[in-house]
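All remarks here apply to the structure that follows.
The values are calculated or read from the model by the stated rules, or taken from the named source; none is laboratory data. Note that this is a predicted model, so its numbers are computed, not measured. Cβ placement follows ideal geometry from the backbone for every residue including glycine, while neighbour counts extend to all protein chains displayed. These area figures cover heavy atoms from the full protein model, side chains too; ligands, DNA and RNA do not enter into them. Shrake-Rupley method; radii C 1.70, N 1.55, O 1.52, S 1.80 Å.
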Amino acid sequence: QVREWKDEGGKRYMCTGRPGWLTVSLRVGKYKKTHKNIMINLMDVLEVDSERQVVRVEPLVTMGQLTAHLNPMGWTIPVVPELDDLTVGGLIMGTGIESSSHIYGLFQHTCVAYELVLADGSLVRCSPTENSDLFYAVPWSCGTLGFLVAAEIKMIPAKKYIKLHYEPVRGLRNICEKFTEESKKKENSFVEGLVYSLEEAVIMTGVLTDEAEPSKINRIGNYYKPWFFKHVEKYLKANKTGTEYIPSRHYYHRHTRSIFWELQVGTDIIPFGNNPVFRYLFGWMVPPKISLLKLTQGEAIRKLYEQHHVVQDMLVPMKSLEKSIQTFHVDLNVYPLWLCPFILPNNPGMVHPKGDETELYVDIGAYGEPKTKQFEARASMRQMEKFVRSVHGFQMLYADCYMTREEFWDMFDGSLYHNLREQMNCKDAFPEVYDKICKAARH
C-alpha cells in the first residue's frame, strides 16, 4: 500500500486506516478523513521465545489478548497497561504505564525491537544496537516516522496472585512522602495511589506470589464485585489497613470494568453502575467499549463533554508531586486522582529526564468532572500544561492538548525526531506529531 501511494506520486499524508472511533483515546482525529488510509490489520501474537524471554507481536494485539495468551504459558509482560482494549501499537506510538513501572519504566522501555514500514516502502528492524536512532525516536511519535508492523517485548515469569496491601494515608505531605518511599522500594512489585481528596489517599503496594491464604482471596474482576476504586475507598472510610490476594489477571485489569471511575464519577455514563442489583443483573455487560461510546456519541454531546469533563495524564518528576497535586486541586479539583510511579531512563528520544540521570517520575491521572468554579477547558488546561512544562514534566498525547507548537517542542525533545524525519523523507509522507494531536493544529 505504501509503495502504491509512492507510485501515485505521494500527494497526501498517510495514516493507519483504523477508524478514529476504535481508538481508546476520547479524541476523534479529523485527519482520518483527509489522509491516505493504509489498512494494517495485524492482530496476532507471532512468537513466544522462552529462551530469550521475548514475545513478538503485531501492533493490534490488545493487552487483554496478550495476557490471556501468555498467562497459561507461565509468562506475562513487565508492564501491563490497564484497559483490555489498549493495543501494543498504541502503547508504543503513544505511551503506556502500570503500577510496575517504578521498576520497569514505561511500556516502551520493556520493548527490545520494532519492525516498521518506512515512507519509501522498505521494512526495517530497529533495536538499541541496530538502527538505534529510529528505535529511540519511535515512542511518542504517533505513527509519524513509519508504520509499526511488529514489536518484541520482554517477558517475565507470571505468578498466580498479587498480594496487595492497602494503606490509608491522611495529610498531603504524608501522602507524598509515603508514596515516594514505597515507589523507591524495588521489593514492591506494584505501587499505586488513589487520592480521594487533597488530604486523603490510599496507597497500595503489591508483590507477586503463587501462594495465597484462601480466606483473603478477592476475585475483584468478577462482574458482581464492587468497582475497584470503591472497594479501595472502604479502607479509607474505615481508616484501617488490609491485605488481600488478587488473581493476577484480575489485578492487571482492576480498573477495566469501571474504566477507572469514568462510568460513575461526573460523567454519569452509568451512575447506578455500582448498585448491587445492577451489578448482579447487568454487571456482565460492563464495561461498554469506549469505541461504542464514541461511535454512538453525537457531536453536541462530544463538545459538551469536552467543556465539562477532563481526561488527562500528566507525568511529573516525583520531587514535584506535592506541588503538582496542589496545582491539580486548584485548576481542576477532580477526584479521585490516580498516582502511578515510573522510572524514566535517560534514553534519547522525545521523553527523558532533564539531567543525565535516570529519574523517578509519577503519572497523575485526572478523569472526571472538574469541580473548580472557574473551569474553562482551554484556559484551565493551558494553565496545567504550563505548570507541567515548568517542572519538566510531560503530557500523555492521547488527551486533549492545547499547547502551541513552540510550547509543545519546549515540553518534548524534538531533536532526534526532527533529524530522522528529515533523513527518512517523512515530511511528505506523514504529518508532524504536533499536527496530528494538538487542538491548535486541528482547528
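Computed quantities for the displayed model
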quantity	calculated
Inter-residue pairs, beta-carbon under 7 Å, first open to solvent by less than 80 Å² (accessible area, probe 1.4 Å) and in the range 32-61, second basic (Lys, Arg) and not in a loop (DSSP other than H, G, I, E, B), 6+ apart	Leu46/Arg56; Gln53/Lys154; Val54/Lys154
Index of the failed condition, Ile343 passing every other in (1) in a strand (DSSP E or B); (2) at pLDDT below 95	(2)
Residues that are assigned to a strand (DSSP E or B) and under 29 Å from Ala201 (Cβ atoms), drawn from the range 139-180	Ile156, Tyr161, Ile162, Lys163, Leu164, His165, Tyr166, Glu167, Pro168, Val169, Arg170
Residues of the range 157-204 classified as under 20 Å from the mean Cα position of the chain (by Cα) and not aromatic (Phe, Trp, Tyr), total	9
Unmet criterion (only one of (1) open to solvent by 60 Å² or more (accessible area, probe 1.4 Å); (2) among the charged types (D, E, K, R); (3) in contact with a helix residue (DSSP H, G or I) (Cβ under 9 Å, 6 or more places away or on another chain)) for Lys225	(1)
Test: His231 is modelled with pLDDT under 90 and under 25 Å from Ser189 (Cα atoms)	no
Top-ranked residue in the range 345-384 [being among the charged types (D, E, K, R) and touching a strand residue (DSSP E or B) at 6+ places or on another chain (Cβ under 6 Å); ranked as farthest from Ile92 (Cα to Cα)]	Glu359
Within the range 191-215, tally of residues that are touching a Gly at 6+ places or on another chain (Cβ under 9 Å) and either in a loop (DSSP other than H, G, I, E, B) or more than 20 Å from Pro341 (Cβ to Cβ) (or both)	1
All positions within the range 387-414 that are open to solvent by 10 Å² or more (accessible area, probe 1.4 Å), part of a helix (DSSP H, G or I) and either aliphatic (A, V, I, L, M) or touching a residue at least 12 places away in the same chain (Cβ under 8 Å) (or both)	Phe387, Arg389, Arg405, Glu407, Trp409, Asp410
Matching entry among Thr95, Thr23 (being buried (at least 16 other Cβ atoms within 10 Å of the Cβ), within 30 Å of Pro341 (Cβ to Cβ) and modelled with pLDDT of 90 or more)	Thr95
Where Gly355 falls short, out of the listed (1) part of a loop (DSSP other than H, G, I, E, B); (2) in contact (Cβ under 8 Å) with a residue 40 or more places away in the chain	(2)
When residues of the range 292-333 are limited to those that are of a type in the set (Ser, Thr, Tyr) and open to solvent by 20 Å² or more (accessible area, probe 1.4 Å), the one modelled with the lowest pLDDT	Thr296
Leu70 being surrounded by 20 or more Cβ atoms within 10 Å (Cβ to Cβ) and either at pLDDT 90 or above or assigned to a loop (DSSP other than H, G, I, E, B) (or both)	yes
Count of residues meeting criterion [open to solvent by 20 Å² or more (accessible area, probe 1.4 Å) and farther than 30 Å from Arg52 by Cβ] in the range 153-167	2
All positions within the range 74-92 that are modelled with pLDDT of 95 or more and in a helix (DSSP H, G or I)	Val88, Gly89, Leu91, Ile92
Out of Thr241, Thr256, sole residue that is open to solvent by less than 30 Å² (accessible area, probe 1.4 Å), of a type in the set (S, T, N, Q) and either out of contact with any helix residue (DSSP H, G or I) (no Cβ under 6 Å at 6 or more places or on another chain) or modelled with pLDDT of 85 or more (or both)	Thr256
Selected residue (only one of Arg442, Arg378, Arg421 is charged (D, E, K, R) and modelled with pLDDT of 95 or more)	Arg421
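Each row is one residue, and each column tells you yes or no for (1) modelled with pLDDT under 90; (2) among the acidic types (Asp, Glu); (3) surrounded by fewer than 18 Cβ atoms within 10 Å (Cβ to Cβ); (4) more than 30 Å from Asn188 (Cβ to Cβ).
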| site | (1), (2), (3), (4) |
| --- | --- |
| Gly349 | no, no, no, no |
| His352 | no, no, no, no |
| Asp356 | yes, yes, yes, no |
| Tyr361 | no, no, no, no |
| Glu369 | yes, yes, yes, yes |
| Thr372 | yes, no, yes, yes |
| Gln383 | no, no, yes, yes |
